[in-house]
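Trainee: Can you read through this structure? Questions will come right after.
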C-alpha cells in the first residue's frame, strides 16, 4: 500500500486523501470517502489544532469509522516555535508509530501519523474519534478516586513493558527527562520563569510555598537524579488528557496527548498525576492505596527489581517535577483566566503534596 502524502494544513484535506489514509491503515477495504464535514475541536492548548471529520462513504459499512480526528501544527507563532525547538510533534508521531505497538496503555488508535523529516513543524496524525462514547476529563472538576485507580493501572501498562529495556537506547529521537544537560537546561528555564511567575501569583501563595519554589531553583539539577531504571513516560499525565467512559460496574479510561512523551522514571508520571488531578483532601486519604494500585500493576507487567520503598522514595522526589511543568506551562500558552487558574491550581497541588511528603529534606 502506498503511503499517503503528508498534509499538515487542514484546509488541504480532501476526500481522496482521507480515502488513502483509511486504506493505508487497512480500515477501508471497499469504496471511498466521497465527502466530509469538518469541525474544529481544539481546546485551550495551542500546541496543535484538532479537527473532527465526519465522513460519507460511497459504500457505507457499519464497520467503517463515521468520524476521525486529526491533529495539525499550531498557527500560534510562539507555540509553533516551541514545538519545533522541543520536538513535540516528533514525539507524538513516533509514539503512535513506534511505542504504542509495544505497550498496553489504552489510547486512540492512529490511522496515519507522519512528520516531515526536514521540517519538524509539519506533521499530521489521523486517529479514531473516541468522543463519544468517551468524554474529556476536566482538570477544573478533578478526578475521582475510581478514575484515578483505573488511570494508574493504565499508566503501569505504559511503563512496565519498556522498563529498563535495552531498545530504549536505540530511540535516539526521544527526549531524556533526567539527562544532565536537560536538567541544567530546565534549571535555567525555571530560574528565569520563577520571578515573573511570583510577580503574577505571589498574592495567592504563602511564605512556605514561596520558600519551596525558591529552594527548588537552587538545587533543581541535583534533585531529580535517581538510579532507578528508566522507561517511556507520558510527561503530561493529568486529567485534562484523559478520556472517560462509564461502563457497567465502573469506568474506563483512555490517555491522549503524547507530545511530551520522553524517557524518564515512572514515578514522575505518578507524582505529576496525583499532585495535579486530585484535591488535597482526596489525595491525603487515598494516596497510599493509589500508589499500591500502580505498583502492583507494574509488578504484573514484569517489573521485579523495584521495591515499593524505592518507588515511594522516587515518588517523593518527583512530586517536585510538576512544579516546573506547570510554571513552564504558564508561559508556554496564551494567557487566559482558565489557563492561569489551571496552572496555579496544579502548582498549589504539587506544593501541598511536596510539603506533606517532607520533600524539603531532599532539597
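Trainee: Rg and Dmax of the range 155-295, using alpha carbons, in Å: what are they?
Mentor: Computed over the Cα atoms of the range 155-295, radius of gyration and Dmax are 17.2, 50 Å.
Trainee: Counting other beta carbons within 10 Å of each residue's own, what order do 258, 173, 328 fall into, fewest first?
Mentor: 173, 328, 258
Trainee: I've got another one for you. Hey, what does the equivalent ellipsoid look like for the range 136-175, semi-axes from the Cα gyration tensor as sqrt of 5 times each eigenvalue, largest first, whole Å?
Mentor: They are 30, 14, 5 Å, listed from largest to smallest.
Trainee: For the chain, set up a GNM with springs between Cα atoms under 10 Å and report which of 325, 209, 307 has the largest fluctuation.
Mentor: 307
Trainee: Along its three principal axes, how long is the range 271-356 when you only count alpha carbons? Whole Å, largest extent first please.
Mentor: 44, 25, 19
Trainee: While we're on this one: For log10 I(q)/I(0) by the Debye sum over Cα atoms at q = 0.09, 0.13, 0.15 Å⁻¹, the choices are [x] -0.59, -1.00, -1.18; [y] -0.51, -1.07, -1.40; [z] -0.45, -0.97, -1.31; which was calculated from the structure?
Mentor: Structure-derived value, by its label: [y].
Trainee: Could you compute the FRET efficiency for residue 6 and residue 85, with r as their C-beta to C-beta distance and R0 at 22 Å, rounded to 0.05?
Mentor: Once rounded, the FRET efficiency stands at 0.60.
Trainee: Can you tell me how much longer the chain between residue 279 and residue 181 gets when fully stretched, taken as 0.36 nm per residue apart minus their C-alpha distance, in nm with one decimal?
Mentor: 31.9 nm
Trainee: Which one of 92, 199, 214 has the biggest mean-square fluctuation once the chain is modelled by GNM with Cα springs under 10 Å?
Mentor: Comparing 92, 199, 214 in the GNM, the peak value goes to 199.
Trainee: Using alpha carbons only, how many angstrom separate the centre of the range 275-323 from the centre of the range 333-363?
Mentor: Taking the Cα centre of the range 333-363 as reference, the centre of the range 275-323 is 17 Å away.
Trainee: In Å, what Kirkwood hydrodynamic radius results for the range 10-128 from the alpha-carbon pair distances?
Mentor: Value: 15.1 Å, from the Cα pair sum.
Trainee: Still on this model: In nm, to one decimal, how far is the modelled label at residue 116 from the one at residue 334, with both set 7 Å along Cα→Cβ?
Mentor: Result for the modelled spin labels: 2.3 nm.
Trainee: So what's the gap between the Cα centers of the range 9-58 and the range 129-178, to the nearest angstrom?
Mentor: Taking the Cα centre of each part, the range 9-58 and the range 129-178 sit 26 Å apart.
Trainee: Given axes a ≥ b ≥ c from the Cα gyration tensor, I'd like to know whether the range 41-110 is rounded (a/c under 1.5), prolate (a/b larger than b/c) or oblate.
Mentor: It comes out oblate by the Cα gyration axes.
Trainee: Related question: With each pseudo-label sitting 7 Å past Cα toward Cβ, what's the residue 34-residue 296 distance in nm, one decimal?
Mentor: It works out to 5.4 nm between the two label points.
Trainee: Please work out how much length the chain gains when fully extended from residue 67 to residue 245, using 0.36 nm per residue of separation minus the C-alpha to C-alpha distance, in nm with one decimal.
Mentor: Taking residue 67 through residue 245 to full extension adds about 62.3 nm, to one decimal.
Trainee: Once you sort the root eigenvalues of the Cα gyration tensor of the range 97-172 as a ≥ b ≥ c, which label holds: rounded (a/c under 1.5), prolate (a/b larger than b/c) or oblate (the other case)?
Mentor: oblate
Trainee: Which stretch or stretches of the range 114-151 have amide N atoms under 17 Å from the point lying 7 Å from residue 308's Cα along the Cα→Cβ direction?
Mentor: Correct set: 149.
Any read-out appearing in this document is the output of simple, stated calculations on the displayed coordinates, not a laboratory observation. Bear in mind the structure is a predicted one, so any value in this text is a computation, not a measurement. For neighbour counting, all protein chains shown are included, and Cβ atoms are generated from backbone atoms with ideal geometry for every residue, glycine included.
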